[in-house]
């Protein structure tokens, strides 16, 4: 009993959840779905009673199925409840020993409909295809029985051959399984029991049982009455919205408490959840690109390229002719290899005073030579090899962060690193290179500490 009470309370609760007020119509409201259905069905009629469609006394012991068909109209009040009006016509027959009957049958009824699927608590489901409807009602039936004994027609409730219709009240109980073929059409199949209040439908009142008819049927329903792209409301669940909201809250909570790529930005706000470990990111979780060349800093071998400069896959400014001047500022883009050029990439004719000698740049608090500087060092080495008597001064600088003494030492470490690279990698005699430091005293670019962390090369 407790189980059925809980089921009834759940049905009432779900029904209440469906019945939204017109002041605030949610997604689960019936007006957002098709809430009318017209169905046609056909099936066989099996009679139970004194003269049944199956009798053990019959020599053949066969079932006597008769054809029936009907029409119903259903108004869905919400995803759980509905009201159905039904009418049908068919034939019924039966036998018991030497007694038998045949009858025309007609009925009409009004039924309350309940959708069992909406009472089942399930995980969120977007594309439901099945619905199970049960109905219970009351109606009026009419029969015109013709009874026979040993093959000879006998009187019903009057004279033999009386064609009057007999009216009686009945209770229809139905279970229908519906399969959604499309938003418009459903395939229906089910069974209906019709419990008659008397024992006269078969034309034989033996006092044993009230008559009963079982109608198994198949048919089609046409859904209408809602928005064009909507389904029938019976394929929804008023709890769906709650399921979706709870799932979304859980998902958002999980994202707020997890950081898959360990970049310090939780998954909910992270617009790039696959940044490499150690990459510096902005507030949205995207890897920083300080020079805005399209290459994230963690992959950029030269994070200080000028704005608008064409860069390669490693973030280095493209220098097509290899003269040490990037294409974006090179006014002579096809100088022969080994040619001395000025800072604009133009060939120098005689003397080195105007020769372009690139600076070497460093990361914060670092004296390591990055890959982006190899091309710059190659340009310096080429210039010195083409001019074997030339001597240079490498002057290391630092940005203003840190103490003056520390920055002085840092500038010297940077100058020594450039000197060491030119000597060990390119074979330039160390006697031709002087290293010194100006620390933080010569800031070249205000507010651009990345430019102030450098080593400048001048001809001695």
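Odds and ends about this structure:
- Candidates are the residues of the stretch 120-158 that are modelled with pLDDT of 65 or more and within 28 Å of the chain's Cα centre (by Cα); the one that is farthest from residue 223 (Cα to Cα) is 120.
- Filtering 338, 350 for residues that are modelled with pLDDT under 85, in contact with a helix residue (DSSP H, G or I) (Cβ under 9 Å, 6 or more places away or on another chain) and not assigned by TED's automatic domain parsing to the domain that holds residue 427 leaves a single hit, 338.
- Among the candidates 418, 394, residue that is part of a helix (DSSP H, G or I) and within 23 Å of residue 305 (Cβ to Cβ): 418
- Residue match in the stretch 425-447 (condition: part of a strand (DSSP E or B) and within 12 Å of residue 361 (Cα to Cα)): no
The values are calculated or read from the model by the stated rules, or taken from the named source; none is laboratory data. The shown structure was predicted, so the numbers you read here are calculated from the model rather than taken from an experiment. Glycine also receives a Cβ, built like all others from the backbone with ideal geometry; neighbour counts cover every protein chain displayed.
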